[in-house]
1. In the list 420, 358, which residue meets the criterion of being within 27 Å of residue 515 (Cβ to Cβ) and open to solvent by 10 Å² or more (accessible area, probe 1.4 Å)?
2. Which ones in region 272-290 are modelled with pLDDT of 55 or more and within 22 Å of residue 379 (Cα to Cα)?
3. Between residues in region 540-551 that are closer than 11 Å to residue 510 by Cβ and residues that are among the acidic types (Asp, Glu) and in a helix (DSSP H, G or I), which pairs lie under 6 Å by C-beta distance while being six or more apart or on different chains?
4. Residues in region 26-38: is at least one modelled with pLDDT of 90 or more and in a helix (DSSP H, G or I)?
5. Looking only at region 441-487, count every residue that is part of a helix (DSSP H, G or I) and at pLDDT 90 or above and tell me the total.
6. How many residues are within 14 Å of residue 193 (Cβ to Cβ) and within 25 Å of the chain's Cα centre (by Cα) when one looks only at region 77-124?
7. Does residue 495 count as open to solvent by 30 Å² or more (accessible area, probe 1.4 Å) and either outside any helix (DSSP H, G or I) or more than 30 Å from residue 450 (Cβ to Cβ) (or both)?
8. Could you please let me know if residue 407 is closer than 19 Å to residue 513 by Cβ, open to solvent by 60 Å² or more (accessible area, probe 1.4 Å) and either out of contact with any Pro (no Cβ under 9 Å at 6 or more places or on another chain) or part of a loop (DSSP other than H, G, I, E, B) (or both)?
Amino acid sequence: EILANIGDSSCVISKRDYDENVLYETSCNLKFSEIEEGYNTTQPIRERGWKYWHQLYNPRQLLILGLFAKKIDEMAENRDEIVIGLSGINRMADWNSKLSVWNVGWDITGNTYLNQALNTLFNYGVRTSESLTTSWNFNINNYNFNSINTVELKDARNINTTCDIWITDPPYADAVNYHELSELFIAWDKKLLKKAFPEWYADSKRALAVRGRGKTFNESMVEIYSNLNKNMPDNGYQVVMFTHQDVKVWAELASILWLSGLQVVSAWNIATETESGGLKNGNYVKGTVLLTLKKRTNTDIIFQDELYDEVKDEVRKQIKSMKDIDDKDNPNFGDSDYQLAAYAASLKVITSYENIEGIDIKQELTREDIENSPITNIINRAVKIAYDCLIPKGFDSMIWKDLKEVERFYIRGLEAESNGSYSLSTYQELAKGFGVKDYKDMLANTKANHARLKTATEYANKGLSKSNSFSETVLRQVLKAIYLSVKEESAMEGRKYLKATYEGEYWDLRSKFIEILEFISRFEHVEHMEHWRTDSHYALILKELIKNDSI
């Protein structure tokens, strides 16, 4: 009896030991592709010695999935039905393998690609036929469009069809190894895929995948975008989706687009990671930057100092537009998204000129120390401009401009915490944006999703004797004043400390004291900031004492 109908030739699986010592003897029409070694695919080879994709499944899983594939092959009457069947097979192959984590709390299995790694497990979950319905049954929201369209599987470097609009989602410097991720599903799909689309190839084309970093990757990207530029009319557009936080990658993208004869004309930040979509914790951005491009027709030359001024104006414009549309009570955009916006704004200016005096774009794309390149420096300055624009809600803009970078870092960090952000990456990006190097000493917790800044009482007298950027600031002295107020249970002690510390400067700095104390006092009733409750309460009293002080 044929138990599976997958692949393109026959083999016999006989008395094979499947880790669980299950003796499985049957004749089947099954031949999965061999696992090709790669960044992610080496793991099951190294850890378990598995050579073929079918070894990621036990006999029951192979039987069930094979029977589904057999029935699809027999029952599907047209291409659409084959495609629907393949979608179901792929979902079940992802959610029912020897790499499916057993979630004890929910009594369900996770999926094979819970992350990009192929994590081999000591124990795993196996779904029954009934529990597979959640994978097999899914809704497809489709609409009828009256259009003339062509669907081709083709190398972008070989496209020769003219289109008004090209939309691309380029590889993010090997952030995702798409070619490797697809190979598990291709192993299941190969026979039915060839039946539905005989003109398509049915392998990952790993050798042709645009991946990696450096000269080869960049040259491939230039070749692709130059070809797309060639195959669009003069009034055509391109949309490039990009979600990468590495400034070096953005510097490379700027050079790639410039060398391809393209100009960024607009940039939009779209919130793509929401709670309903399963927002992940950790170092993730909430948005994707959509770059709109057209053919560069400007032949002007610009000097670098003039370019900096234009970048500054464009970044401010971009940040303002995002803040205007953002929900003030439940913000969609975080600091990482504003950082991406600054990157995009700088690309808009850089790619608009045919020549930037003192910068050889072709040379920039091939240099090894790209982190020190002029393009990278321009983008880094754009990020700093963006953070300078992100003034906390209700904070006096003039006093904000007068604060030192490390003070801005601390205040923006408190604001992020008040918005519910406890990701370590939040502070990493803030530190990068404000140019603060020794920020870790300012953190009370450095765990990935529990990071937060020290309170005034946690700081106490620590660090004041050290010669560092924070200990010498007005903000640090205000925190010391709050600590003394809490310790002595009297805000008079805090005011006395500030007067003694600054003597004649006290009256000139009074407005700054009041603004900082007003900001800190807001956290007294923030539910998830209980550790600030007492400090915030005394900050409010101390603020009123200083506000009503007189000579």
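The values are calculated or read from the model by the stated rules, or taken from the named source; none is laboratory data. Just so you know, these numbers come straight off a predicted model, no measurement behind them. Using ideal geometry, Cβ is built from the backbone for each residue, glycine included, and neighbour counts are taken over all protein chains shown. Remember, those area values only see protein heavy atoms, side chains included, never the ligands or the DNA or RNA. Shrake-Rupley method; radii C 1.70, N 1.55, O 1.52, S 1.80 Å.
1. That would be 420, the only listed residue that is within 27 Å of residue 515 (Cβ to Cβ) and open to solvent by 10 Å² or more (accessible area, probe 1.4 Å).
2. 286, 287, 288, 289, 290
3. Going by the 6 Å Cβ cut-off, the qualifying pairs are 543/518.
4. No: zero hits.
5. Restricting attention to region 441-487, the residues satisfying the condition of being part of a helix (DSSP H, G or I) are 441-442, 456-459, 474-487.
If we keep only those that are at pLDDT 90 or above too, we end up with 442, 456-459, 474-487.
Within region 441-487, residues that are part of a helix (DSSP H, G or I) and at pLDDT 90 or above number 19.
6. Result for region 77-124: 0.
7. yes
8. Considered against the rule, which asks whether it is closer than 19 Å to residue 513 by Cβ, open to solvent by 60 Å² or more (accessible area, probe 1.4 Å) and either out of contact with any Pro (no Cβ under 9 Å at 6 or more places or on another chain) or part of a loop (DSSP other than H, G, I, E, B) (or both), residue 407 comes out as no.
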